[in-house]
Amino acid sequence: MITAEGYRKLIWKAKIKWLIGNIIVYSIVCIPLVPIILMYGWLIAQAFSGVCISSLIPQKLTLKNFYFLTGPIYWGGTPLYKSYWPLVRNTLLLALGTTGLVVAITSLAGYAISRFEFKGRDPLLKSVVVVHSIPGVLFLIALMYILNTIGLYGKGFLTLLSVIIIKAGLESPMYTWMLKGFFDSVPWELEWAALVDGCSRFTAWRKVVMPLIFPGIAAVSIFAFLSGWGEYLLVLTYITDRKWYTLSLALSELTYQFKHVDYGMLAAFSLLYLLPAMIFFLLTQKYLMTMRIVAYKG
Amino acid sequence: MVKVKLEHLTKRFGKVVAVNDLNLEIKDGEFMALLGPSGCGKTTTMLMIAGIYKPTKGHVYFNDVCVDDLPPKDRNVGMVFQSYALYPHMKVFDNIAFPLKLKKLPKDEIREKVKKVADFLEIGHLLDRKPAQLSGGQMQRVALARALVKEPDIFLMDEPLSNLDAKLRVVMRAEIKRLQKRLGITTIYVTHDQVEAMTMADRIAVLREGVLQQCAVPDELYLKPRNMFVGGFIGSPPMNFLDCSLVEENHEHYLDLGVFKLWIPPDIADLIMKNASGSELVLGIRPEDLKVTLTLPPEAKEAGQKSKVQAIRSEIYVLEPLGKDVIINTKLGDTLVKVVAPPTIRPSVGETIWLNFDLDKMHVFDKKTELAVV
């Protein structure tokens, strides 16, 4: 039998164990976060500092690093771009275009793969994973050849459009997989009910199934948007016309040579480049975090 | 109003045969229950009637017209699912209005019809809620309303009561029955609960592993089960089955149950000999048809003697009191037999009782084919 004193000892022991456990867990979580926080912290501090800093404390607070918002972007004293805004427009076009295309493709393809039985369905599903694991760089030359043949290489806006299509093509398979999971979780009975109530298959998809997997569509949109917003390789390879350069390309150009680098401007530029991603994420994180459908039955 | 006919209806999923050669006719305005354990093909049958599954073989007829190629949306059936299948993203009003909106009725008419059916089912005050905010019983009513609002020709219900608690189930059972009688819609009701089927349906079709076992009015199903499966499935507690064989001694016929023999009259013996495939039989008797007495009653004789009622002495094994009745478990040889006894008899475990077998209430089945022979 355990005495009252014995219980007290046991409780004390349990408390110490709990404390040590927490310390270990939080250390493991926090240590990898340090470099990331340092990076972002420096970026923010530098963007508002008048001189080049190597700490997290901003010095000589100023907004002049953001000069490019109203005029040309200089690189080593010469204007590299006439204005900042076309870059934003191009990047937005690329990101939104990719998002739209990806959502349109994956919401239909995911439904088909989830709901229809057809020949080659399983091989298709498996090949998606395999193909996705092949680095996209491998396709660059082949795609270049295709673009050249159909006359889309070096054609300004049309080239940006083809980059959108390529990007959507590369992104879609994985998101189709992801959405298939969402479609799988919609009970058949709901779709049957819709059919009995007078829907065609397509109306049932549009009016009943799609609203239910909205969290999935939101997640796919965010991922597609961010991946389009950050795309560098495809833009670098295919877009030759400076009028259609994107932010990522401009950013890399601005860091070409160390002697010309204006750290303040670069930090400000990067901060603005980060902004949409942050805003998008903050607005939609609740969908990203609850990537499943809840509340069917009471 | 519509009469439904199923002709050689068969559905296979890969190698699994869900429904096998089902022939059934549901009369105009009839309440037909499809009864069977889970996985017996009753839901599949219903989905074929709704047009969601295409039959592998056979045809579905509405008013003698083959509707195999008619899509579900044009069949004008109302359906209630086990999970209710309410659209979680729509309010109750929109759920009920959904079929009408798809028909592109004018808004005023929709509002009027929804209100009417909602008031009829007493859910008028819930129209602004989302399905997640409703209780099971309320969701059930909304599902009913959604099926009713389009004024269907056929009403299909797939285990609509199985997600409700026991008390509400009894209430809704009566209400759905009343509703069906009042509206006179041809109704097909799928259930695994024999009490539901017995209490609600005009006729019951018992299915087992995709094959129709018997289709009859409830009384006939209870009194004259066509085979052991129906006999065991209808009635609670289930029918007692005792292995036996037909023997002849001194020109009299007996059912030999091992531990005792029952005398049977020549006409029954003739029937058995005519219908049974061999001498191995199964005696079926319902727990409520076995009378329990503490002494040998005057109208009965001991088992094996010439009498309409024959009694056998037995010892009580376990008692299951139900309040109104008590279920007595007793052993005849190695077989546990359940008997429903009135509360006036309150024996205790180990006590000796007399089990009275009434020849009129006995069912005899062929052990091999499981078919009733008497």
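Looking across the stretch A:57-79, the residues that are in a strand (DSSP E or B) and in contact with an Asp or Glu (Cβ under 9 Å, 6 or more places away or on another chain) come down to A:74, A:75. The residues on offer are A:245, A:232, and the sole one that is modelled with pLDDT of 90 or more, hydroxyl-bearing (Ser, Thr, Tyr), assigned by TED's automatic domain parsing to the domain that holds residue A:167 and open to solvent by 70 Å² or more (accessible area, probe 1.4 Å) is A:232. None of B:174, B:132 is within 12 Å of chain A (Cβ to nearest Cβ) and open to solvent by 30 Å² or more (accessible area, probe 1.4 Å) except B:132. Condition test on residue A:151, is it outside any helix (DSSP H, G or I) and under 20 Å from residue A:244 (Cα atoms)? Considered against the rule, which asks whether it is outside any helix (DSSP H, G or I) and under 20 Å from residue A:244 (Cα atoms), residue A:151 comes out as yes. For the residues A:222, A:239, A:213, the requirement of being within 14 Å of another protein chain (Cβ to nearest Cβ) and in contact (Cβ under 8 Å) with a residue 24 or more places away in the chain singles out A:213.
Of the strands (runs of 3 or more DSSP E) lying entirely inside the stretch B:103-209, those containing at least 3 residues that are of a type in the set (Val, Ile, Thr) are B:186-191.
Would you confirm, using the coordinates I've provided, whether residue B:246 is open to solvent by less than 70 Å² (accessible area, probe 1.4 Å) and over 25 Å from the mean Cα position of the chain (by Cα)? When the stated conditions are applied, residue B:246 passes them. Looking only at residues in the stretch B:101-129 that are over 21 Å from residue B:183 (Cβ atoms) and within 12 Å of another protein chain (Cβ to nearest Cβ), the one that is least open to solvent (accessible area, probe 1.4 Å) is B:102. Under 7 Å between Cβ atoms, which residue pairs at least 6 apart in sequence (or on different chains) link something in the stretch B:176-202 that is in contact (Cβ under 8 Å) with a residue 60 or more places away in the chain and on the phi > 0 side of the Ramachandran plot with a partner that is open to solvent by less than 50 Å² (accessible area, probe 1.4 Å) and among the small types (Gly, Ala, Ser)? Qualifying pairs under 7 Å: B:184/B:29.
Residue B:324 meets the conditions (1) buried (at least 20 other Cβ atoms within 10 Å of the Cβ); (2) farther than 23 Å from residue B:225 by Cβ; (3) out of contact with any Gly (no Cβ under 9 Å at 6 or more places or on another chain) in every case but one. The failed one is (1).
If I filter the stretch B:51-79 down to residues being more than 9 Å from chain A (Cβ to nearest Cβ) and touching a helix residue (DSSP H, G or I) at 6+ places or on another chain (Cβ under 8 Å), which single residue comes out as most open to solvent (accessible area, probe 1.4 Å)? Step by step, filter the stretch B:51-79, then rank; the result is B:54.
On the stretch given as the stretch B:339-374, residues that are open to solvent by less than 30 Å² (accessible area, probe 1.4 Å), in a loop (DSSP other than H, G, I, E, B) and touching a Gly at 6+ places or on another chain (Cβ under 9 Å) total 1. Return a yes/no flag: does the stretch A:276-293 have any residue that is modelled with pLDDT of 90 or more, not in a helix (DSSP H, G or I) and not aliphatic (A, V, I, L, M). No: the stretch A:276-293 contains no residue that is modelled with pLDDT of 90 or more, not in a helix (DSSP H, G or I) and not aliphatic (A, V, I, L, M).
Yes or no: the stretch A:186-193 includes at least one residue that is under 30 Å from residue A:51 (Cβ atoms) and without any contact (Cβ under 8 Å) to a residue 40 or more places away in the chain. The answer is no, given that none of the residues of the stretch A:186-193 is under 30 Å from residue A:51 (Cβ atoms) and without any contact (Cβ under 8 Å) to a residue 40 or more places away in the chain. It is to be established whether one or more residues within the stretch A:80-95 are over 24 Å from the mean Cα position of the chain (by Cα) and assigned to a helix (DSSP H, G or I). Among the residues of the stretch A:80-95, not one is over 24 Å from the mean Cα position of the chain (by Cα) and assigned to a helix (DSSP H, G or I), which makes the answer no. Restricting A:158, A:147 to those that are more than 18 Å from residue A:132 (Cα to Cα), buried (at least 20 other Cβ atoms within 10 Å of the Cβ) and aliphatic (A, V, I, L, M) reduces the list to A:147. Looking for something closer than 24 Å to residue A:93 by Cβ and either in contact (Cβ under 8 Å) with a residue 24 or more places away in the chain or not in a helix (DSSP H, G or I) (or both) - is there at least one such residue anywhere in the stretch A:123-137? Looking through the stretch A:123-137, at least one residue is closer than 24 Å to residue A:93 by Cβ and either in contact (Cβ under 8 Å) with a residue 24 or more places away in the chain or not in a helix (DSSP H, G or I) (or both). Checking each residue in the stretch B:59-76 for being assigned to a strand (DSSP E or B) and either touching an Asp or Glu at 6+ places or on another chain (Cβ under 7 Å) or free of Cβ contacts under 8 Å to residues at least 12 places away in the same chain (or both) picks out B:59, B:60, B:61, B:65, B:66. When the residues of the stretch B:80-100 are narrowed to those that are within 12 Å of chain A (Cβ to nearest Cβ) and out of contact with any helix residue (DSSP H, G or I) (no Cβ under 6 Å at 6 or more places or on another chain), which ends up surrounded by the fewest Cβ atoms within 10 Å (Cβ to Cβ)? Across the stretch B:80-100, the extreme among qualifying residues is B:94. Given the criteria under 18 Å from the mean Cα position of the chain (by Cα), among the polar types (S, T, N, Q) and crowded, with 21+ Cβ neighbours inside 10 Å, does residue B:187 qualify? So residue B:187 passes the test. Against the list (1) open to solvent by 70 Å² or more (accessible area, probe 1.4 Å); (2) not assigned by TED's automatic domain parsing to the domain that holds residue A:268; (3) not aromatic (Phe, Trp, Tyr), the condition residue A:73 fails is (1). Within the option set B:344, B:369, being out of contact with any His (no Cβ under 6 Å at 6 or more places or on another chain) and in contact (Cβ under 8 Å) with a residue 40 or more places away in the chain holds for one residue only, B:369. When we screen A:268, A:204 for residues that are farther than 27 Å from residue A:131 by Cα, in contact (Cβ under 8 Å) with a residue 12 or more places away in the chain, within 14 Å of chain B (Cβ to nearest Cβ) and out of contact with any Cys (no Cβ under 6 Å at 6 or more places or on another chain), the only hit is A:204.
Determine, yes or no, whether residue A:56 is open to solvent by less than 100 Å² (accessible area, probe 1.4 Å) and modelled with pLDDT of 90 or more.
No; evaluated as a whole, the condition is false for this residue.
Residues considered: A:33, A:61, A:19. Of these, the only one that is out of contact with any Cys (no Cβ under 9 Å at 6 or more places or on another chain) and either closer than 30 Å to residue A:220 by Cα or surrounded by 13 or more Cβ atoms within 10 Å (Cβ to Cβ) (or both) is A:33. Which one is nearest to residue B:339 (Cα to Cα) among residues in the stretch B:210-246 that are hydrophobic (A, V, I, L, M, F, W, C) and touching a His at 6+ places or on another chain (Cβ under 8 Å)? So, considering only residues that are hydrophobic (A, V, I, L, M, F, W, C) and touching a His at 6+ places or on another chain (Cβ under 8 Å), the one nearest to residue B:339 (Cα to Cα) is B:239. I'd like to check something: does the stretch B:32-49 contain any residue that is outside any helix (DSSP H, G or I) and within 12 Å of chain A (Cβ to nearest Cβ)? No, every residue in the stretch B:32-49 fails to be outside any helix (DSSP H, G or I) and within 12 Å of chain A (Cβ to nearest Cβ).
The values are calculated or read from the model by the stated rules, or taken from the named source; none is laboratory data. Since the structure is predicted, the reported quantities are computational estimates derived from the model, not experimental observations. Methodologically, a virtual Cβ is constructed for each residue, glycine included, from the backbone with ideal geometry; neighbour enumeration extends over all protein chains shown. The accessibility values were calculated without ligands, DNA or RNA, using every heavy atom of the protein model including side chains. Shrake-Rupley method; radii C 1.70, N 1.55, O 1.52, S 1.80 Å.
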